[in-house]
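The values are calculated or read from the model by the stated rules, or taken from the named source; none is laboratory data. Note that the structure is a prediction, hence the values are computed from the model and not measured. Glycine also receives a Cβ, built like all others from the backbone with ideal geometry; neighbour counts cover every protein chain displayed.
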Amino acid sequence: MNLKGALVSISKKPLEGITVLEFSQFLSGPAAGLRLSDLGANVIKIERPGSGDLCRTLYLSDTDLGGDSTLFHAINRNKKSFAANLKDPDDLSKIKKLISKSDVITQNFRPGVIERIGLDYESVKKINPKIVYGSISGYGNKGPWKDLPGQDLLAQSRSGLVWLNGNGGEAPTPMGLAAADMLAGHYMVEGILSSLIKLLKTGEGSLVETSLMEALLDFQFEVLTTYLNDGNRKPVRSSYNNAHAYLSAPYGIYKTKDSFIAIAMTPVPGLGELLGLKSIIDFTDQKEWFTKRDEIKRLIGDWLINETTQHWLGILQPADIWCAEVLEWDKMIENEGFKVLDMFQRIKRSDGLDIETLRCPIRINNEIFKSNIAAPRVGQHTDEIIKEYAL
């Protein structure tokens, strides 16, 4: 395809005309493919015949949607599926022809696997010198961690992120979602898009690499920079309502009479005046907001529990205090602030499967990008792709 023509063509979606081959499974690589497809790229998912992406059977709940997990449907919408046995010479020949006519490849095999197949960057570059080749690993391709399982919880635990969360004196707490996978996928998109711009300017392809660990370290760049330039002094998690190990009182989430309220950075004496909490008004020394953080937060917590969240919001929000109700999903969805974002979309598969999910979160020229195409069945588009690309 003509990259220059694709990028400057008049189109709602900026990546229309870009072909992406996704040799990825589970979450991180497919998350990158999801965003590229949302932005208009033609993403062809290369799957093993029969079983396909292992994520098809990675269930987050006991809900099955047309033979696949909800997770697979969420992260593989708007893609095509090409079934190929990469150990079969005939299938591999078709894949190499497809590579010669593609723009981007993503893969997230363990180090060494893609080399054994013969589809590593150096091999692929001989087929298509202009290819933008994206590779995601667990911990990079060097060092003692490189062959360890690139699994989200394990990466979170090694990165220090888990240690930052939870109350001091209690067990470290992981994030309640696959943060490493999602972040690595999005960083991969950044690298791919910048490399496509380089290709447009120079005609040269690129190898784009990231890992779950690098993604999580960058996610912590703010606090790690503080640590590195503060004599390697580790932060101390608050033992009461910890929300950010480096931030002073009142930063945290507090129980009220009926739910929870979040309060961010704000001067403690001023907060005391607004709340009618005399016991914290005298904390005028900002250093004490940290050195006596837990004491101050307990005083606030013992006070806020006496009234409802809406009562406190009615006092704090008009005074421009940074605060928010802690919403569970059902209440969030009912809120007008959520509704105006128009985040939901319905996707449908050729067999009639109908699923509700979220749309691409990016708006370009005031356009919201939606697509009603669901994740494919294994090999659903194999014949179509063979014909289209003359394989």
Pair list, Cβ < 6 Å and 6+ apart or interchain, from segment 119-134 residues that are under 15 Å from N108 (Cα atoms) to residues that are surrounded by fewer than 18 Cβ atoms within 10 Å (Cβ to Cβ): Y121/L207; Y133/L207
If a residue has to be assigned to a helix (DSSP H, G or I) and of a type in the set (V, I, T) to count, how many in segment 98-125 make the cut? 5
Candidate set: segment 250-263, residues that are of a type outside the set (S, T, Y) and free of Cβ contacts under 8 Å to residues at least 60 places away in the same chain; chosen: the one farthest from F290 (Cα to Cα): D258
For segment 116-146, enumerate the residues that are in contact with a helix residue (DSSP H, G or I) (Cβ under 7 Å, 6 or more places away or on another chain), within 20 Å of I197 (Cα to Cα) and of a type in the set (F, W, Y). Y133
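Residue by residue, here is whether (1) modelled with pLDDT under 95; (2) assigned to a strand (DSSP E or B); (3) under 28 Å from R363 (Cβ atoms); (4) more than 22 Å from the chain's Cα centre (by Cα) holds:
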| position | (1), (2), (3), (4) |
| --- | --- |
| K4 | yes, no, yes, yes |
| L21 | no, yes, yes, no |
| F26 | yes, no, no, no |
| R35 | no, no, yes, no |
| S51 | yes, no, no, yes |
| K96 | no, no, no, yes |
How many of the residues in segment 381-391 are modelled with pLDDT under 95 and within 17 Å of S350 (Cα to Cα)? 0
Could you list, in sequence order, all residues of segment 98-117 that are modelled with pLDDT of 95 or more, surrounded by fewer than 17 Cβ atoms within 10 Å (Cβ to Cβ) and not charged (D, E, K, R)? S100
Which one is nearest to H186 (Cα to Cα) among residues in segment 336-374 that are touching a Leu at 6+ places or on another chain (Cβ under 7 Å) and without any contact (Cβ under 8 Å) to a residue 24 or more places away in the chain? M343
Name the residues in segment 287-331 that are under 32 Å from the mean Cα position of the chain (by Cα) and exposed (fewer than 12 other Cβ atoms within 10 Å of the Cβ), would you? D320, E328, W329, D330
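Could you grab me the full set of residues in segment 135-148 that are surrounded by fewer than 19 Cβ atoms within 10 Å (Cβ to Cβ) and in contact (Cβ under 8 Å) with a residue 24 or more places away in the chain?
So in segment 135-148, the residues surrounded by fewer than 19 Cβ atoms within 10 Å (Cβ to Cβ) come out as 140-148.
Residues satisfying the conditions are G140, N141, W145, K146, D147.
Limited to segment 126-160, what total is found for residues that are farther than 14 Å from S28 by Cβ, part of a helix (DSSP H, G or I) and among the small types (G, A, S)? Explain how you work it out, then say what you get.
Just the residues of segment 126-160 that are farther than 14 Å from S28 by Cβ, to begin with: 126-133, 141-148, 157-160.
After this cut, where a residue has to be part of a helix (DSSP H, G or I) as well, the list is 126-127, 157-159.
Remaining after also requiring among the small types (G, A, S): 157, 159.
Of the residues in that region, 2 qualify.
If I filter segment 71-83 for residues that are assigned to a strand (DSSP E or B), hydroxyl-bearing (S, T, Y) and modelled with pLDDT under 95, do I get at least one hit? Working first, answer last.
Step one: filter segment 71-83 for residues assigned to a strand (DSSP E or B), giving 80-83.
After this cut, where a residue has to be hydroxyl-bearing (S, T, Y) as well, the list is 81.
Next cut, modelled with pLDDT under 95 only: none.
Checked segment 71-83: no residue is assigned to a strand (DSSP E or B), hydroxyl-bearing (S, T, Y) and modelled with pLDDT under 95.
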Has segment 169-191 got at least one residue that is without any contact (Cβ under 8 Å) to a residue 24 or more places away in the chain, of a type in the set (S, T, N, Q), surrounded by 14 or more Cβ atoms within 10 Å (Cβ to Cβ) and closer than 30 Å to K234 by Cα? yes
Meets criteria (touching a helix residue (DSSP H, G or I) at 6+ places or on another chain (Cβ under 8 Å), farther than 15 Å from Q25 by Cα and of a type in the set (D, E)) for D103: yes
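Taking the criterion of being within 26 Å of A83 (Cα to Cα), in contact with a Ser or Thr (Cβ under 8 Å, 6 or more places away or on another chain) and of a type in the set (A, V, I, L, M), would at least one residue in segment 319-328 satisfy it?
To start, the set of residues in segment 319-328 that are within 26 Å of A83 (Cα to Cα) comprises none.
Checked against the condition, which is being within 26 Å of A83 (Cα to Cα), in contact with a Ser or Thr (Cβ under 8 Å, 6 or more places away or on another chain) and of a type in the set (A, V, I, L, M), segment 319-328 yields no hits at all.
Assess whether G205 counts as being of a type in the set (G, A, S) and surrounded by 14 or more Cβ atoms within 10 Å (Cβ to Cβ). Don't jump to the end; show me each part of the working.
Numbers: of a type in the set (G, A, S): yes; surrounded by 14 or more Cβ atoms within 10 Å (Cβ to Cβ): yes.
So G205 passes the test.
Anything in segment 53-64 that is surrounded by 17 or more Cβ atoms within 10 Å (Cβ to Cβ) and either on the phi > 0 side of the Ramachandran plot or over 22 Å from the mean Cα position of the chain (by Cα) (or both)? List them, or say none. I'd like the intermediate steps shown before the answer.
Let us first name the residues in segment 53-64 that are surrounded by 17 or more Cβ atoms within 10 Å (Cβ to Cβ), namely 53, 55-56.
Once the filter is applied, which keeps residues that are surrounded by 17 or more Cβ atoms within 10 Å (Cβ to Cβ) and either on the phi > 0 side of the Ramachandran plot or over 22 Å from the mean Cα position of the chain (by Cα) (or both), segment 53-64 yields nothing.
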Test result for W163, aromatic (F, W, Y) and either in contact with a His (Cβ under 8 Å, 6 or more places away or on another chain) or without any contact (Cβ under 8 Å) to a residue 24 or more places away in the chain (or both): yes
